[in-house]
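For reference, the structure discussed in these notes is given below.
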Amino acid sequence: MTAVDPVTAEIVRNALGSAAQEMAQTLCRTAYNPLLYDVQDFGLGIVSADGALWAAAGAHPLFIGTLPETVLGALATVGRDGFAPGDVLIVNDPYLTGSHISDTCVYMPVFAGDDLVAFALATAHWADIGGKVPGGWCGDTTDVYQEGLAFSHQRLARAGERNDDLWSLIAGNVRYPTVVLGDLEAQVASCRQGALRVESLCAKLGAARVRAAMADVIDRTDAAIRREIAAIPDGVYTATARMDNDGVAVDEPYDVVLTLTVEGDRLVASFAGSSAARGGPVNVPFPGSRTMIRAALKGLLLPTDPANEGHFRSIEVVHDPGLVTSAVRPAPTDSYGYVCVAICELAIRALAQAIPARCPAGGFQLFGVFLFRVDPRDGTPFIAIDPMDGGNGGRPHEDGPTMMFLGNGDVLNTPVEVVEGRYPIRVERFEYLAETAGAGTFRGGMGVRRDYRLLEGGAMMQIVNENTDDPLAKGLNGGTDGRRSEVLVAPGTERERIYTQRESFVGPFPAGELISVRSGGGGGWGPPSGRDPGRVAADVRDGLLSAEQARETYGVEIEQRRVA
């Protein structure tokens, strides 16, 4: 094996990390859909030719964590000798990627001469995939075939020659072809940017030194995370979440159970005891569940490290096929994200029993709305997908963050100016919802409220929500729970209707209708009686807490002086 010095190893690590960030910048600058260029619902990275994660851009952790799985599937399907320079391939089959069908991965091989060195990959949520509902996330599909176009490592281009038949097939089977094809072009451009940077690095240092450098980096990363695991007391730690329903059997809750076993410098995760795969689309293919475990544990143990394969070697995830966390074809998966977020929260909740000083309280569950119009007889078709940020749990030494999204890796919100510039929608209110935060020595983060005024008629709505009965945003060590998310139509009028459960094709709405979308808050950490009175006073001063609430919740009397 080629010898490599520590300085060269760090140069290569950072060069590949910069290449992944350039891929993300390229995608943001060329995408057509705000869900990509503003919300950044994507994952991009560079994976070695044998399927090891080398580098990734900061984005959705599930997308990043399943990139190696995608490469391993490509090698099994196409064969290592089946790739050529200029190839571009596409895959989004949930049972090959671990996600749902809307999250489409585009990738290309990277060569140094005739030597296959790596793959550059870009996974992104498409504006539409041709399934049962616009934009995906259908709440009531009963098999994966209802959920849209599925690709299984087909070629968008072969040796630089574009496969126009496949591009035409995509355009003819999605509701918003201009946006979808524009985003697809952006994914190809981002992969090409990553490939160029890797090729340049190999030309400068040689492919053998690049491989050796990353092998060294991965080995050192593995040793670092093993030291962190070894510091956790050996033991078995279990956490459970009861989910509302699967979207089809709406009166049947189901369970996600996670057990973490710490043995020396290894950690084993198991989903034994979780419910069987459901008839509705909440199921997660095993690669997705495994990735969420890895993401949560990396976040607790080595949060500031750039991600690579070394973070995952010491974490084993065992499973029995056929659970809601390890579904098999043809179980539907379109609403997979609820269970993914629950897995992430359960991993933190379980380890809070062992290392409470490092674990936050629970955060809010995935939530948001799709506002869309499809039929041109009602007006120009559009789709606005807005995954709402909210409140995460209070931390052992600080209040919980607001405007965050734990399970989706801090996916951003769509700026008001973009919503109003792109769609027939006016945002009349965007503010904190302080009352949603769980109380504690360190309170939870706050939910937010967005009020949308529809300026034209014919629009419909889809609601994304879960854990309204058994919240994920549980208080820790005596803190109280955060409040759930909800959507209000025509708030404050006699027509007001409150939605807490997910639902598709709500509407159509007339022009002028007001829709108020309100995300939940995070749980509090520690008993409210332990909160620093200075923090309570600051919350009152900032309008996040009334003097009466300060007294009733925290036992702090606030003297309010009138300024002459």
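The values are calculated or read from the model by the stated rules, or taken from the named source; none is laboratory data. All values derive from a computational prediction rather than experimental measurement. Because the Cβ atoms are built from the backbone with ideal geometry, glycine has one as well, and the counts that use them run over all protein chains shown. Side chains included, ligands, DNA and RNA excluded: accessible areas come from the protein's heavy atoms. Shrake-Rupley method; radii C 1.70, N 1.55, O 1.52, S 1.80 Å.
Some notes on this structure:
- Taking region 486-509 as the range and being farther than 20 Å from residue 520 by Cβ and surrounded by fewer than 18 Cβ atoms within 10 Å (Cβ to Cβ) as the test, the residues that pass are 490, 492, 493, 494, 495, 505, 508.
- If you filter region 217-231 down to residues that are of a type in the set (A, V, I, L, M, F, W, C) and either at pLDDT below 95 or in a helix (DSSP H, G or I) (or both), you find that the one that is surrounded by the most Cβ atoms within 10 Å (Cβ to Cβ) is 217.
- Taking region 1-35 as the range and being among the β-branched types (Val, Ile, Thr) and under 30 Å from residue 179 (Cα atoms) as the test, the residues that pass are 26, 30.
- Residue within region 325-336 that is within 21 Å of residue 518 (Cα to Cα) and either open to solvent by less than 10 Å² (accessible area, probe 1.4 Å) or touching a Cys at 6+ places or on another chain (Cβ under 9 Å) (or both) present: yes
- Lone qualifier among 255, 165 - being outside any loop (DSSP other than H, G, I, E, B), under 23 Å from the mean Cα position of the chain (by Cα) and free of Cβ contacts under 8 Å to residues at least 24 places away in the same chain: 255
- Some residue of region 521-544 being assigned to a strand (DSSP E or B), out of contact with any Asp or Glu (no Cβ under 9 Å at 6 or more places or on another chain) and not hydroxyl-bearing (Ser, Thr, Tyr): no
- Selected residue (only one of 450, 495, 483 is under 28 Å from residue 544 (Cβ atoms) and assigned to a loop (DSSP other than H, G, I, E, B)): 483
- Unmet requirement for residue 28, which otherwise passes all of (1) at pLDDT below 95; (2) more than 18 Å from residue 153 (Cβ to Cβ); (3) open to solvent by less than 30 Å² (accessible area, probe 1.4 Å): (3)
- Reported count of residues in region 168-201, each being in a loop (DSSP other than H, G, I, E, B) and of a type in the set (Lys, Arg), is 1.
- Members of region 1-25 that are assigned to a loop (DSSP other than H, G, I, E, B) and either of a type in the set (Gly, Ala, Ser) or open to solvent by less than 10 Å² (accessible area, probe 1.4 Å) (or both): 3
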